[in-house]
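Below is one structure, written out as structure tokens; comments come after it.
The values are calculated or read from the model by the stated rules, or taken from the named source; none is laboratory data. Since the structure is predicted, the reported quantities are computational estimates derived from the model, not experimental observations. When we count neighbours, we look across all protein chains shown, and the Cβ atoms used for this are built from the backbone with ideal geometry, even at glycine. Just so you know, the surface numbers come from the protein's heavy atoms only, side chains and all, with ligands and any DNA or RNA stripped out. Shrake-Rupley method; radii C 1.70, N 1.55, O 1.52, S 1.80 Å.
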Amino acid sequence: MKLRNYSPSDCEHLAALFYETVHSLNAKDYTREQLDCWASGNVNLLEWNASFLDHWTVVAVEKNKIVGFGDLAPSGYLDRLFVHKDYQRRGIASAICNHLESFAKETVMTHASITARPFFEHRGYKGIRKQAALRQGVSIPYFIMELTVQQKEGTRYDQRNRPRYYFPPAESPSRFTRGPADSPGPVGHPGRP
């Protein structure tokens, strides 16, 4: 498995991986109605692409197949983290998180699904509170979670650098500040449109 930078040509593949992952892995914790409202299959690719370009976005590839992806906003908000259903429990999500968390200045905040919560707890994230996204009148529960990261000398975090123009190599570590509490977005999270 190899991590690489996001390219706009990846967007449609990532949207499909998002849909398939939500509808397969999260089915044990959410109803069919909740899954359909969370991941309808109608992602606005222009908005997603703009978001990926404004964030640090990494794509996991194995044998020329996209098997996972994640993105971190400059605020330290881990927006999306998804791994293909057939590539679970192989360290892909951990590798993506390790890479993205190294950009954070102080904390990483995410909205974790019921399904993803144990993964984040294992990584040291603390639950702040349980919430629910309301989509098409359907309540979809998730957890706001936060990780405090340790800043080290010589890290890759630099507020002057915007992700659209700068994506440092994976070898150097770092961090961010907490993202907005009202920005719904997944890591297996149902709140993202």
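Among Ala93, Ala16, Ala60, which is open to solvent by less than 40 Å² (accessible area, probe 1.4 Å) and assigned to a helix (DSSP H, G or I)?
The match here is Ala93.
If you go through the range 63-73 and keep only what is of a type in the set (A, V, I, L, M) and not in a strand (DSSP E or B), you end up with just Ala73.
Tallying residues that are of a type in the set (Ser, Thr, Tyr) and outside any strand (DSSP E or B) within the range 108-147 yields 3. Selection of first residues in the range 35-61 that are farther than 14 Å from Asn5 by Cα and of second residues that are outside any helix (DSSP H, G or I) and open to solvent by 20 Å² or more (accessible area, probe 1.4 Å), restricted to Cβ pairs under 7 Å at least 6 apart or on distinct chains, gives the following pairs, ordered by first then second residue: Cys37/Arg135; Cys37/Gln136; Trp38/Arg135. Scanning the range 1-34 for residues that are touching a residue at least 60 places away in the same chain (Cβ under 8 Å) and acidic (Asp, Glu) gives Glu20, Asp29, Glu33.
Does any residue of the range 99-107 turn out to be open to solvent by 10 Å² or more (accessible area, probe 1.4 Å), in a helix (DSSP H, G or I) and either at pLDDT below 95 or not small (Gly, Ala, Ser) (or both)?
For the range 99-107, residues open to solvent by 10 Å² or more (accessible area, probe 1.4 Å), in a helix (DSSP H, G or I) and either at pLDDT below 95 or not small (Gly, Ala, Ser) (or both): present.
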